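**Student:** Sharing a structure, written as structure tokens. Questions coming.
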């Protein structure tokens with residue numbers, strides 16, 4: 001957008017005309033060097049934390065504040081393209097704001113906008129929490145294209161959550177462009193339904209509920225930062241003892257991000273006996289990817305509708321578990337941990353839940369029957385666990401990089417019990433290691449008692465039992481410490 005010189009123009013024309021240039025940036029943080037906007041400060045004496053209102057909302061051109069000699073108006077010289085609609089909203093509703101900024105050669109660089117009082121504003125959502133919510137969303141978005149900027153932006157149209165029609169409308173007007181195109185169009189249509197008096201109250205209620213869920217999800221791009229292999233290895237070592245080949249295979253699978261900056265084409269399928277640490281591995285991968293995670297327990301799902309939601313034609317309609325997971329995570333990029341994938345094919349007459357998973361795993365988009373909108377899934381990374389791979393269909397298997405988790409050897413179990421499981425329990429209940437001592441023979445007895453069990457869950461239960469017994473003897477019998485030999489372990493655990 002060109003810069004216009006209005007120095008010789010009549011005052012009335014200067015107030016009604018555009019004075020700023022648009023700049024485009026994708027920076028997610030602000031500072032004097034990366035401001036939201038720049039104000040003309042020649043003779044204006046703008047100070048840090050100057051308070052006032054944005055005026056002339058039809059063109060969004062100036063900031064008005066009280067100076068030493070009365071009201072002062074400072075023109076906007078430069079404006080981040082992402083914040084054009086927000087400043088229009090602030091100006092239209094005369095919302096009092098406080099600006100944090102710093103003087104530069106080209107003007108006063110504003111890098112923070114806070115709401116200080118309702119003033120004359122009539123918007124129910126005109127409060128600082130809502131304003132910061134929108135600013136955060138705008139900063140996390142990419143600059144709009146010139147085509148989007150020139151489009152008609154009159155959208156049809158509490159707290160940090162968008163629940164009221166008013167707050168949803170305001171968000172759409174100020175930050176609607178941060179939504180994916182199909183969701184932006186969907187939101188405008190549903191907002192029209194939610195505000196209409198020509199549809200039933202039930203339809204309006206469903207539309208508002210769906211809008212609230214969708215607007216509170218931060219729709220992120222599918223660009224992922226590279227991972228640090230050493231940091232990834234450290235995180236896996238924290239969660240899993242031994243199993244060097246498993247850790248190597250996991251890092252090999254996800255390190256593709258470092259070249260493509262997108263999620264790997266295949267998720268992870270961890271197959272092994274119960275208690276071998278499959279869930280811990282899944283949580284570790286979520287930490288490595290720096291993503292929130294959610295779980296789907298396929299053993300408790302016997303109807304596809306639990307995943308896909310029910311149609312709004314029913315009074316008790318509701319979204320499915322997958323959509324609820326997006327809503328709980330609050331963002332579109334997350335790790336789906338699908339527990340007991342081998343139980344996914346056990347539908348009970350109304351279809352097969354496994355078929356629904358295929359649409360989620362293909363990263364082409366998932367449609368929830370209640371939302372009536374395709375949800376982008378390019379930022380979803382699936383990690384599934386299973387005990388028996390023979391129960392998993394070939395189409396599902398083909399969506400994963402399969403990693404088999406072996407059971408621990410007796411020697412590995414000794415180390416896990418003595419160096420991890422027991423010390424962890426002692427620390428949790430406030431005991432010193434010298435208060436609960438296990439002799440080498442006692443340790444051998446623990447492992448021998450559990451020789452026919454897979455994984456380490458039973459060993460963790462044994463550690464709980466031994467520590468609890470030691471604490472009981474210390475508190476009741478007033479001894480300083482308890483030493484468990486083979487005989488004591490056998491009597492306690494057998």
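**Student:** Out of 354, 344, report the one residue that is at pLDDT below 90 and touching a strand residue (DSSP E or B) at 6+ places or on another chain (Cβ under 9 Å).
**Tutor:** Result: 344 is the single residue among 354, 344 that is at pLDDT below 90 and touching a strand residue (DSSP E or B) at 6+ places or on another chain (Cβ under 9 Å).
**Student:** Collect the residues in the stretch 35-45 that are over 34 Å from the mean Cα position of the chain (by Cα), at pLDDT 85 or above and either at positive phi or buried (at least 16 other Cβ atoms within 10 Å of the Cβ) (or both), keeping them in residue-number order. Walk me through how you get there before you give the answer.
**Tutor:** Looking only at the stretch 35-45, we keep the residues that are over 34 Å from the mean Cα position of the chain (by Cα), and these are 39-45.
After this cut, where a residue has to be at pLDDT 85 or above as well, the list is 39-42.
Passing the criteria: 39, 40, 41.
**Student:** Okay, moving on. Can you say whether residue 248 is modelled with pLDDT of 90 or more, at negative phi, in contact with a helix residue (DSSP H, G or I) (Cβ under 7 Å, 6 or more places away or on another chain) and in a helix (DSSP H, G or I), as far as the supplied structure shows?
**Tutor:** On the way: modelled with pLDDT of 90 or more: yes; at negative phi: yes; in contact with a helix residue (DSSP H, G or I) (Cβ under 7 Å, 6 or more places away or on another chain): no; in a helix (DSSP H, G or I): yes.
No.
**Student:** Here is a further query. Kindly indicate the residue of the stretch 262-275 that is out of contact with any helix residue (DSSP H, G or I) (no Cβ under 9 Å at 6 or more places or on another chain) and at pLDDT below 90 and also farthest from residue 457 (Cα to Cα) among those meeting that condition. Talk me through it step by step, then tell me what you get.
**Tutor:** Start the filter on the stretch 262-275 by keeping residues that are out of contact with any helix residue (DSSP H, G or I) (no Cβ under 9 Å at 6 or more places or on another chain), which leaves 262, 265, 273.
Next, only the ones that are at pLDDT below 90 stay: 265, 273.
Details: 265: 32, 273: 11 Å.
Applying the filter and picking the extreme gives 265.
**Student:** On the given criteria, is residue 259 over 23 Å from residue 380 (Cβ atoms), modelled with pLDDT of 85 or more and more than 21 Å from the chain's Cα centre (by Cα)? Step through it out loud before you land on a result.
**Tutor:** On the way: over 23 Å from residue 380 (Cβ atoms): no; modelled with pLDDT of 85 or more: yes; more than 21 Å from the chain's Cα centre (by Cα): yes.
No.
**Student:** Now for a different question. Considering every residue within the stretch 428-446, establish whether at least one is within 24 Å of residue 272 (Cβ to Cβ) and surrounded by 13 or more Cβ atoms within 10 Å (Cβ to Cβ). Steps first, answer last, please.
**Tutor:** Here is the first cut: in the stretch 428-446, the residues within 24 Å of residue 272 (Cβ to Cβ) are 446.
Checking the rest, the ones that are also surrounded by 13 or more Cβ atoms within 10 Å (Cβ to Cβ) come to 446.
Yes.
**Student:** So is residue 152 surrounded by fewer than 15 Cβ atoms within 10 Å (Cβ to Cβ) and modelled with pLDDT of 85 or more or not?
**Tutor:** Spelling it out, it is not the case that residue 152 is surrounded by fewer than 15 Cβ atoms within 10 Å (Cβ to Cβ) and modelled with pLDDT of 85 or more.
**Student:** Here is a list of conditions, (1) touching a helix residue (DSSP H, G or I) at 6+ places or on another chain (Cβ under 7 Å); (2) crowded, with 21+ Cβ neighbours inside 10 Å; (3) at pLDDT 85 or above, and residue 326 meets all of them except one; can you say which number that is?
**Tutor:** Failed condition: (1).
**Student:** Test residue 25 against the stated conditions and say whether it is closer than 24 Å to residue 96 by Cβ, touching a strand residue (DSSP E or B) at 6+ places or on another chain (Cβ under 8 Å), at pLDDT 85 or above and not in a strand (DSSP E or B).
**Tutor:** no
**Student:** Also, quick follow-up: Those residues that are surrounded by 14 or more Cβ atoms within 10 Å (Cβ to Cβ) and either at positive phi or not in a helix (DSSP H, G or I) (or both), I need them from the stretch 447-482; list them, please.
**Tutor:** Within the stretch 447-482, 450, 453, 454, 455, 456, 481, 482 meet the criteria.
**Student:** I would also like to ask the following. From the list 401, 394, 421, which residue is in contact with a helix residue (DSSP H, G or I) (Cβ under 9 Å, 6 or more places away or on another chain) and more than 19 Å from residue 458 (Cβ to Cβ)? Walk me through it before giving the result.
**Tutor:** Values: 394 fails: in contact with a helix residue (DSSP H, G or I) (Cβ under 9 Å, 6 or more places away or on another chain); 421 fails: more than 19 Å from residue 458 (Cβ to Cβ).
Checking each option against the conditions leaves just 401.
**Student:** Something else: Mind listing just one residue for me: the one in the stretch 359-371 that is modelled with pLDDT under 85 and out of contact with any strand residue (DSSP E or B) (no Cβ under 6 Å at 6 or more places or on another chain) and, of those, nearest to residue 401 (Cα to Cα)?
**Tutor:** Filtering the stretch 359-371 for residues modelled with pLDDT under 85 gives 359-365.
Now drop any that are not out of contact with any strand residue (DSSP E or B) (no Cβ under 6 Å at 6 or more places or on another chain), which leaves 362-364.
Details: 362: 14, 363: 15, 364: 19 Å.
Only one residue tops the list, namely 362.
**Student:** Considering only residues of the stretch 57-92 that are assigned to a loop (DSSP other than H, G, I, E, B) and in contact with a helix residue (DSSP H, G or I) (Cβ under 6 Å, 6 or more places away or on another chain), which is surrounded by the most Cβ atoms within 10 Å (Cβ to Cβ)?
**Tutor:** By that ranking, first place goes to 60.
The values are calculated or read from the model by the stated rules, or taken from the named source; none is laboratory data. Because the structure is a prediction, the values reported are computed rather than measured. All Cβ positions, even for glycine, are placed from backbone atoms using ideal geometry, and neighbour counts span all protein chains on display.
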